[in-house]
Amino acid sequence: NDKKQDKKYQVRKINKLLVANRGEIAIRVFRACTENNIRTVAIYSAEDEGQLHRIKADESFKIGKGLAPIAAYLNIPEII
């Protein structure tokens with residue numbers, strides 16, 4: 001029965017992670033990912049362009065053109 005369950009689930013390595021956060025928490029996640037060879041992606045609003053979370057990520061994408069910062073981060077369809 002255990003062998004049957006093992007075939008049902010496949011463990012896959014995480015290669016890239018979107019960190020939909022900013023500030024100290026995001027920096028800690030980026031550090032942990034780097035230590036585990038996981039590439040990181042940050043999102044940022046126009047007002048956050050120079051922030052550390054954007055710089056520490058392997059990739060970053062500007063979101064919410066013309067929106068206030070909070071509205072930019074809540075624009076889920078654009079983020080996805």
| Taking +1 at the Cβ of each Lys and Arg and -1 at the Cβ of each Asp and Glu, which of ILE25, ASN37, PRO77 sits farthest along the dipole of the chain towards its positive end, judged by Cα position relative to the Cα centre? | ASN37
| field | Local electrostatic count at LEU52 - Lys and Arg +1, Asp and Glu -1, tallied over other residues with Cβ under 12 Å | value | +2
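Under 1.5 on a/c is rounded, so check that first for the stretch 41-80, then, if it is not, pick prolate when a/b is larger than b/c and oblate when it is not; a ≥ b ≥ c are the square roots of the alpha carbon gyration tensor eigenvalues. Write out the running numbers ahead of the final one.
On the way: a/c = 2.56, a/b = 1.43, b/c = 1.79.
It is oblate, given that a/c is not under 1.5 and a/b is not larger than b/c.
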| request: Starting with the fewest neighbours, write out TYR9, TYR44 ranked by other beta-carbon atoms found within 10 Å of each beta-carbon. | output: TYR9, TYR44
| said: What do you get for the angle between helix 24-35 and the principal long axis of the chain? Use alpha-carbon atoms, 0 to 90 degrees, nearest ten. | reply: 50 degrees
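Just how large is the dipole of the stretch 16-79 about the Cα centre, in debye to the nearest 20, putting +1 at every Lys and Arg Cβ and -1 at every Asp and Glu Cβ? Write down the numbers at each step before the final one.
On the way: 9 positive and 8 negative charges, 24 e Å.
Here the size comes out at about 120 debye.
Using the Kirkwood formula on the Cα atoms of the chain, what hydrodynamic radius do you get, in angstrom to one decimal? If you can, show how the numbers build up before the last one.
Numbers: mean 1/r = 0.0709 Å⁻¹.
Result for the chain, one decimal place: 14.1 Å.
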| Other-chain or far-sequence residues with amide H under 5 Å of PHE61's (modelled H) | ALA42, ILE43, TYR44
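Where a number appears in this text, it was derived from the coordinates with a stated rule and is not lab data. Keep in mind the model is a prediction, meaning the values are calculated, not measured. Cβ sites come from the backbone with ideal geometry, for glycine too, and all protein chains shown count toward neighbours.
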